Structure formats: C-alpha cells, structure tokens
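Report on the following structure.
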Amino acid sequence: MSLGLIVDHDGPFVVLAVTGDLEMSSTPAFRQAVIEALADGDRHIIIDFGGTDFIDSTGLGALIGALKRVRTLEGSLQIVCPQIRLQELFKLTDLHKVFTLHETVDEVVNAGVPTEVVS
C-alpha cells in the first residue's frame, strides 16, 4: 500500500496523518514531510498512525531521525498509535520507552505542549 500524508494544524501542533505502510520505499516522503514542517517553523509534531497497518525497520529509523531533528530545535514529537499490532511493534523494539504512545490526536492536543522537552 502506498503512503499517504495529510498535514494539518491543531493548536500549537502540526499533525502528520500517515496512511498506508511506512516502509523502505515510502520513508523518504515521510522524512521530507517532517523536514518541511520544521522548516515552516512547526516545533511540536504529532505523527498519527491511525491509518497505518505496517511499519518496517526503515520506517522506525525515520521516526528516530525525526525525533532527533525535533529535539535539536527544542520541540516535541508525539505518536498516535491506536492499533494493537503497531503498539506491540513499539514494545517489541523498546521504542515505547522513547516515544509516548497515544490513542488519539485529541488526547495529545488536550494535554498541551510538553513543558519539559528532553534533549
């Protein structure tokens, strides 16, 4: 399945809604969307995997790269991951210790921008 990206703003957050699979062939488009959001001045990013069924190791690497970029700009990156299968992937790879997983975009927006950003 090809990757789809919808970019939207919700308060201080830019939301990148990902549909399709985040894998080797689609990772460059994802990476570019993060770079463009940061170049536009957005510092607090929500990645919404609500429409995603599969993430491979290249996609996970792109997520880590996005987090590093965001942190260098003292921003935050939040993950929305309602699917059990993807939550299990984050746990299996211990990335649930790096990223906080949320059920909905509203959950992140209602919590607001993190007051302490880890660098």
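The values are calculated or read from the model by the stated rules, or taken from the named source; none is laboratory data. Computed from a prediction, not measured in an experiment: that's the story for all the values here. Positions of Cβ are generated from backbone atoms using ideal geometry, with glycine treated the same way; all protein chains shown enter the neighbour counts.
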Check: Within the group VAL117, VAL34, VAL108, which residue is in contact with a helix residue (DSSP H, G or I) (Cβ under 9 Å, 6 or more places away or on another chain) and modelled with pLDDT of 95 or more?
Finding: VAL34
Checklist line | region 8-20 residues that are touching a residue at least 24 places away in the same chain (Cβ under 8 Å) and farther than 15 Å from GLY41 by Cα, paired with ones that are part of a strand (DSSP E or B) and of a type in the set (A, V, I, L, M, F, W, C) (beta carbon under 8 Å, 6 or more apart) | finding: ALA17/LEU5; ALA17/ILE6; ALA17/VAL7; VAL18/LEU5; VAL18/ILE47; VAL18/PHE49; THR19/LEU5; THR19/ILE6
Margin query: Criterion first (of a type in the set (Ser, Thr, Tyr) and modelled with pLDDT of 95 or more) does THR58 satisfy it?
Written below: yes
